[in-house]
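A.B. asks: Below is the structure I would like to discuss, written out as structure tokens.
The values are calculated or read from the model by the stated rules, or taken from the named source; none is laboratory data. These numbers were taken from a predicted model, which means no experiment stands behind them. Cβ atoms come from the backbone with ideal geometry, glycine included; neighbour counts cover every protein chain shown. The accessibility values were calculated without ligands, DNA or RNA, using every heavy atom of the protein model including side chains. Shrake-Rupley method; radii C 1.70, N 1.55, O 1.52, S 1.80 Å.
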Amino acid sequence: MDISYIINELAEDRENYFNAVSPPIIQSSNFVFKTVGEMRSAFADEYSTYLYSRGRNPTVDILRKKLAALDGAEDCLVFNNGAAATFAAVLANVKSGDHIVCVDKPYTWTQKLCNDILPRFNVSTTYIDGTAIENFERAILPNTTLIYLESPNSWDYKLQDLKAIAELAKAEGIVTIIDNSYCTPIYQRPIEYGIDLAMQTATKYIGGHSDTLGGVLSGKKEMIERIFNSEYMNIGSGIQPFNAWLLIRGLRTLPARLDRITASTNKVVAYLKAHPKVESVIFPFDENFPQYELAKQQMSGACGLMTFIIKADTINQIEKFCEDLKHFFMAVSWGGHESLIIPKCSGIQPAVFDTSNREHRMLRLYVGLEDADYLIKDLDQAFEKM
Ligand SMILES: *Cc1c(COP(=O)(O)O)cnc(C)c1O
């Protein structure tokens with residue numbers, strides 16, 4: 001399906017709402033029935049009907065149809081945030097006694113789910129270096145029911161070979177989930193590689209304006225229906241109509257924003273690589289990236305996020321660099337209009353800072369929608385003052 005069609009036309013029944021270009025926000029908790037029979041069918045199959053907005057809602061459905069189509073999936077659910085999507089997807093695919101194989105250093109709250117919550121229900125997790133398929137083969141146990149991927153990772157951009165892992169998992173009857181937040185389905189389509197569930201946060205690129213949260217889970221209808229009727233309804237973590245409307249609005253400009261961000265990111269990467277105070281830059285579409293070939297093979301683009309390792313003798317120099325930036329805001333998240341920076345050393349106590357540890361000198365940049373030269377000038381003046 002054409003991306004332009006998905007974004008501008010798919011699922012929009014404009015004749016049903018005065019031919020308005022922008023869809024209405026159906027801010028209603030419940031829906032009315034004319035007959036007892038209709039109400040009875042709704043109770044019997046909430047997945048197929050409007051009954052109550054913890055389940056389905058017409059504004060949310062427009063977004064669902066678009067996002068499922070972008071993923072090339074049969075259906076999707078949209079959650080109030082990405083962490084909720086991961087929670088529902090994982091919970092739906094494990095029971096007491098099961099085992100998960102998960103890539104090293106997944107998103108913080110994925111890790112907390114596996115480390116803090118699941119063990120209470122007798123579900124264990126093995127973390128592996130996902131860059132080699134043999135590591136998956138070795139980690140799979142007779143009770144493994146789930147493989148959790150994140151490719152690329154959002155700090156070191158490590159990739160997994162999605163096709164190979166999907167094949168391995170299918171042969172073993174194991175469900176696969178990927179956190180596809182870095183790429184979005186515009187730049188990587190995991191369902192086409194055979195991955196069962198594609199999760200992404202919509203808070204980042206889909207929303208695109210740092211004004212709402214959202215999370216997406218796409219897959220086969222049978223799986224999505226099962227999750228809808230259980231975890232989605234029970235946890236009650238579906239997105240609200242107004243936030244869904246913001247995400248529909250964000251989607252309109254997604255490809256255009258990614259084009260712009262890609263062009264600017266390439267300029268910023270080139271600038272950083274040439275800078276004497278930069279030890280190295282980690283970016284999947286950089287020729288020196290260890291998995292460059294795989295990145296080019298399974299991703300059609302990379303943009304926005306990169307990590308660089310700054311040459312610094314003290315933590316103070318790194319702190320000063322970050323604080324001297326005027327246009328890169330120091331904040332979490334990414335995917336919005338505004339460029340951002342997070343120093344890895346903000347997660348450690350100054351006393352344990354060790355300059356010989358590359359990780360302590362990591363800075364993650366997100367390149368937003370500002371002019372590339374405007375951003376480079378900002379980096380330049382901050383390096384100058386170091
Ligand atoms: C932000 C993020 C999430 C969580 O999404 P929320 O919408 O913040 O809950 C998950 N994975 C990755 C890689 C993220 O960057």
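A.B. asks: One residue is enough: does region 129-138 have a residue meeting the conditions within 16 Å of the ligand (Cβ to nearest atom), closer than 15 Å to ILE177 by Cβ, free of Cβ contacts under 8 Å to residues at least 60 places away in the same chain and out of contact with any helix residue (DSSP H, G or I) (no Cβ under 6 Å at 6 or more places or on another chain)?
C.D. replies: Here is the first cut: in region 129-138, the residues within 16 Å of the ligand (Cβ to nearest atom) are 130.
From what's left, closer than 15 Å to ILE177 by Cβ: 130.
Still in the list and also free of Cβ contacts under 8 Å to residues at least 60 places away in the same chain: 130.
Adding the requirement that they be out of contact with any helix residue (DSSP H, G or I) (no Cβ under 6 Å at 6 or more places or on another chain) leaves 130.
So far as region 129-138 goes, yes, one or more of its residues are within 16 Å of the ligand (Cβ to nearest atom), closer than 15 Å to ILE177 by Cβ, free of Cβ contacts under 8 Å to residues at least 60 places away in the same chain and out of contact with any helix residue (DSSP H, G or I) (no Cβ under 6 Å at 6 or more places or on another chain).
A.B. asks: Determine the pairs where a residue that is at pLDDT 95 or above and more than 7 Å from the ligand (Cβ to nearest atom), located within region 76-89, has a partner that is among the polar types (S, T, N, Q) and open to solvent by less than 10 Å² (accessible area, probe 1.4 Å) with Cβ atoms under 7 Å apart, the partner being 6 or more residues away or on another chain.
C.D. replies: Final answer for the pair search is CYS76/SER218.
A.B. asks: Across region 90-128, what is the number of residues that are open to solvent by less than 60 Å² (accessible area, probe 1.4 Å) and either more than 16 Å from the ligand (Cβ to nearest atom) or not in a helix (DSSP H, G or I) (or both)?
C.D. replies: Final tally of qualifying residues: 17.
A.B. asks: Can I ask one more? Name the residues in region 313-329 that are touching a helix residue (DSSP H, G or I) at 6+ places or on another chain (Cβ under 6 Å) and open to solvent by 10 Å² or more (accessible area, probe 1.4 Å), would you?
C.D. replies: ILE315, ASP324, LEU325, LYS326, HIS327, listed by residue number.
A.B. asks: Still on this structure: Quick one: how many residues across region 359-386 are touching a residue at least 40 places away in the same chain (Cβ under 8 Å), surrounded by 14 or more Cβ atoms within 10 Å (Cβ to Cβ) and charged (D, E, K, R)?
C.D. replies: 4
A.B. asks: Inside region 2-75, counting only helices (runs of 4 or more DSSP H) that do not spill past its ends, which hold 3 or more residues that are open to solvent by less than 80 Å² (accessible area, probe 1.4 Å) and touching a residue at least 60 places away in the same chain (Cβ under 8 Å)?
C.D. replies: By residue number, 3-8, 58-71.
A.B. asks: Another question, if that's okay. Would you check which residues across region 73-84 are closer than 17 Å to TYR47 by Cβ and of a type in the set (Gly, Ala, Ser) and list them?
C.D. replies: ALA73 - this is the single residue of region 73-84 that is closer than 17 Å to TYR47 by Cβ and of a type in the set (Gly, Ala, Ser).
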